[in-house]
1. Regarding residue B:215, is this residue closer than 27 Å to residue B:29 by Cβ and at the interface with another protein chain (Cβ under 10 Å from one of its Cβ atoms)?
2. Going by what's in this entry, would residue A:142 be described as touching a Leu at 6+ places or on another chain (Cβ under 9 Å), closer than 26 Å to residue C:276 by Cβ and within 8 Å of chain C (Cβ to nearest Cβ)?
3. Of the conditions (1) at pLDDT 85 or above; (2) under 26 Å from residue B:156 (Cα atoms); (3) touching a Gly at 6+ places or on another chain (Cβ under 9 Å), residue B:89 fails just one. Which one is it?
4. When residues of segment A:57-86 are filtered for being facing chain C (nearest Cβ under 10 Å) and farther than 17 Å from residue A:13 by Cα, how many remain?
5. Taking segment B:64-121, which residues are farther than 26 Å from residue B:5 by Cβ and surrounded by 17 or more Cβ atoms within 10 Å (Cβ to Cβ)?
6. Which of the helices (runs of 4 or more DSSP H) contained wholly in segment C:174-273 include at least 3 residues that are within 14 Å of chain A (Cβ to nearest Cβ)?
7. Quick one: which helices (runs of 4 or more DSSP H) lie wholly within segment A:83-197 and hold at least 1 residues that are touching a residue at least 40 places away in the same chain (Cβ under 8 Å), buried (at least 20 other Cβ atoms within 10 Å of the Cβ) and under 16 Å from the mean Cα position of the chain (by Cα)?
8. When you check residue A:128 against the structure, is it in contact with a helix residue (DSSP H, G or I) (Cβ under 7 Å, 6 or more places away or on another chain) and either modelled with pLDDT of 95 or more or within 11 Å of another protein chain (Cβ to nearest Cβ) (or both), yes or no?
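The values are calculated or read from the model by the stated rules, or taken from the named source; none is laboratory data. Every value quoted in this text rests on a predicted model; they were computed, and no experiment measured them. Neighbour counts run over all protein chains shown; Cβ positions are idealised from the backbone, glycine included.
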Amino acid sequence: MEPILSVRNLTKVFSRRGRERVTAAKHISFDLMPGECLGIIGESGSGKTTVVNMITRLLDVTEGQIILDGEEITGLSGKALRKVYAGMQMVFQSPTESFDPRRRLGDGIGESLRNAGWSREDTKAEVARLLEECGLPAEYADRYPHQVSGGQCQRAAIARALAIRPKVLICDEATSSLDVTIQKEILDLLNRLRREKGMNLSILFICHDFAVVQQFCDRVLVMHHGEIVEEGTPDNVIRNPQNDDTRRLIDSIL
Amino acid sequence: MAEILRYEHVDIAYNGISAVQDVSFSLREGEILGIAGESGSGKSTLIRAAMGLLVPNGLVTRGDIRYKGKNLPDLPEKELRRLNGREIGMIFQSAGSSFCPIRTVGAQLYESMTEHEKLSREEFRSHATALLGKLGFPDGRRILESYPFELSGGMQQRVGIAAAILLNPSVLLADEPTSALDVSAQKQVVEEMLLVRKTFGTAIILVTHNIGVIRAMADRVLVMKDGRVVESGETRQVLEHPRADYTRTLMSAVPRLRRA
Amino acid sequence: MSEPTVRIQKVRRNTLKIRLIVFGALAAGLLIGSIFSDYLTPYDPYLQDLMNTKAAPSAEHLLGTDRYGRDMLSRVIVGSRASIFSTLLLVAIITVTGTVIGLFCGWHGKWIDTVLMRISDMFLAFPGLVFALAVAGVLGGGLHNAIIALAAISWPKYARIARSQTLAQKETLWLKAAKLSGSSTGKIVLKHILPNIIGPILVTSMLDIGTMMMELAGLSFLGLGAKPPTAEWGSMMSDTRSLLTTAPWVTLAPGLAIFVSVMIFNLLGDTVRDWADPKMRGR
């Protein structure tokens with residue numbers, strides 16, 4: 001089986017005039033298999049956010065390759081890049097801030113569909129269906145981000161991400177800012193959607209909480225100072241860490 | 001152990017809307033009391049009332065908050081200011097942002113100390129370095145000479161705790177002290193607060209949504225939801241054998257690491 | 001917060017709607033009045049009555065007559081077309097130009113941003129009067145050229161605001177989400193950036209109307225703007241300066257008109273600024 005997302009030797013160096021060069025990510029390589037949920041865990045400054053921003057092409061790559069569904073997307077821009085987003089979507093850490101405060105939730109959720117050429121009526125119907133699939137009443141399409149709770153907003157964000165039926169869903173600390181009971185609801189929702197017929201969703205799950213990764217992910221990569229220091233199933237990594245940094249991280253968990 | 005802080009049937013309202021209802025509890029000397037709850041539970045509001053930090057929109061509408069016999073909401077501002085720092089210390093989620101960025105840590109700690117006590121710079125320096133040493137800082141002098149931005153987030157938080165206990169208060173109120181920190185920094189801060197209690201006998205009220213921190217630190221815990229206390233008791237008892245429905249829901253939602 | 005401050009804030013918040021309606025109506029009235037000025041004059045503003053020159057204000061001539069016996073009220077009303085209309089045109093030009101340039105710079109960055117911002121710095125460096133003199137010298141006087149001169153040095157302010165607002169918008173999560181939704185640059189700018197930056201720009205615009213009116217009148221007063229026979233308040237004041245001691249109403253009438261107009265637009269601008277401030281609206 002071919003990986004749905006393949007990252008090879010991904011490197012990012014930030015250089016600014018008059019300042020030292022900072023290597024935020026060094027030679028990152030991994031594969032995401034179809035239907036798999038791969039966790040990326042690391043503390044702040046580990047480079048996981050940089051890696052995610054490069055994969056989604058929101059940040060230019062210094063070195064390396066990104067291959068999505070067999071197509072190399074590393075150097076794409078403009079119209080070609082916009083087409084790529086039909087296969088890859090993201091859910092962000094701050095749900096309310098990931099929606100334009102001046103637009104209704106329905107506008108945001110349907111934006112990818114309208115861009116793909118869907119009519120206004122078809123989009124409206126699909127948005128209603130998506131909201132209900134994600135556990136929200138269809139009327140929420142008319143609400144503004146500040147009118148709903150964080151958990152509800154994240155459900156809308158998931159609806160938005162899945163509208164275009166992507167193959168890869170990237171969750172960037174998607175539950176970290178939510179209350180623990182809401183976090184459970186969102187993880188349950190993601191699990192349900194993942195296993196739904198016809199979805200065949202592969203998830204890249206960025207998180208700082210080992211316990212969450214253990215219950216949600218099939219495999220995990222541990223990042224430290226811009227590099228992948230360990231790889232394996234969550235159980236193996238937690239019980240038998242090979243790397244010193246990983247061991248320190250796991251020992252710190254209260 | 002003597003009781004030093006007591007909340008009696010306290011109601012608090014923000015802009016007329018009830019935020020805390022009928023909360024009663026007491027804190028004994030040297031005890032660590034955890035207040036657990038999710039957002040909107042009223043836990044932060046509860047301890048801010050003790051420091052007079054509810055103004056201008058919040059108000060204690062019923063009940064008493066007694067510190068060593070005095071009712072805190074009734075105290076004139078001048079007396080409250082005298083208590084803050086000297087007898088009741090407070091640490092917030094981001095201690096770093098409560099530091100002035102253009103002055104050294106030492107200068108700011110000296111200033112806050114001289115608000116309450118007259119002492120020379122030399123006396124302060126030896127007191128502060130001794131305190132930092134006791135709390136496990138390898139080089140106290142260097143910390144005092146640093147600017148806040150030169151310290152990492154976890155370090156800033158730990159210095160914030162040291163600043164709060166500079167005058168040896170009997171109570172330390174901690175409002176989400178570890179929430180903005182990485183896992184490793186969290187552990188260091190928790191260890192530091194336990195050390196503070198062990199060395200100086202300071203009682204601590206710890207408000208947090210992080211059950212792991214509560215489990216690691218608190219002797220007793222109050223679980224809050226929608227402004228009310230739904231369950232209280234010894235930490236191990238409440239966390240492992242919850243009786244209230246909400247506590248059960250909360251505990252089942254907390255992800256637990258399976259180490260073996 | 002001290003008691004009086006809280007009370008003042010409450011009063012300002014409660015009267016927000018009323019103030020918005022009142023000042024909005026007054027400003028609209030001024031604008032409509034200036035457009036239909038020809039129909040509003042009680043007398044023909046150009047009709048001379050040499051039997052009744054320099055008459056003091058009376059029931060017949062509310063603002064008196066000038067040295068040729070022309071009704072001052074009518075002249076002031078007719079002058080509003082040039083004064084108010086030109087001002088609004090000027091403000092519209094600098095707002096649109098500045099916003100477009102600032103948005104472009106903020107979005108693209110890199111060398112084009114540097115070049116355009118240095119050009120804007122250049123224009124900012126000129127004092128209005130000096131530049132207007134230069135333009136007058138090159139292009140000749142007249143109201144049109146005064147507008148050009150003032151527009152050239154006033155757009156940088158809006159460009160800066162639009163640029164910094166655009167830069168802030170680029171960092172937001174919702175913009176990243178919009179990119180991931182496959183929205184093109186044009187769509188992102190129109191749907192997400194423009195609506196979010198227009199607030200502060202509009203408020204600055206409103207507050208600038210009063211200032212620009214003064215600048216335009218000032219240039220006309222100095223003879224660099226409107227020239228006779230164009231009726232314009234600034235030039236009217238200048239022409240009749242010599243009458244200040246003998247028939248003061250002739251100079252003061254257009255001056256009063258400027259004063260009242262500027263005040264109405266400033267009050268409207270203050271109210272719009274309060275309205276745009278989320279704290280004031282109690283959100």
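1. Yes, satisfied.
2. For residue A:142, the condition - touching a Leu at 6+ places or on another chain (Cβ under 9 Å), closer than 26 Å to residue C:276 by Cβ and within 8 Å of chain C (Cβ to nearest Cβ) - is not met.
3. For residue B:89, the failing item is (3).
4. 8
5. B:96, B:99, B:104, B:105, B:106, B:108, B:110 - these are the residues of segment B:64-121 that are farther than 26 Å from residue B:5 by Cβ and surrounded by 17 or more Cβ atoms within 10 Å (Cβ to Cβ).
6. C:185-188, C:194-221
7. Once the helices (runs of 4 or more DSSP H) in segment A:83-197 are filtered for at least 1 residues that are touching a residue at least 40 places away in the same chain (Cβ under 8 Å), buried (at least 20 other Cβ atoms within 10 Å of the Cβ) and under 16 Å from the mean Cα position of the chain (by Cα), what remains is A:150-162.
8. Against the criterion (in contact with a helix residue (DSSP H, G or I) (Cβ under 7 Å, 6 or more places away or on another chain) and either modelled with pLDDT of 95 or more or within 11 Å of another protein chain (Cβ to nearest Cβ) (or both)), residue A:128 qualifies.
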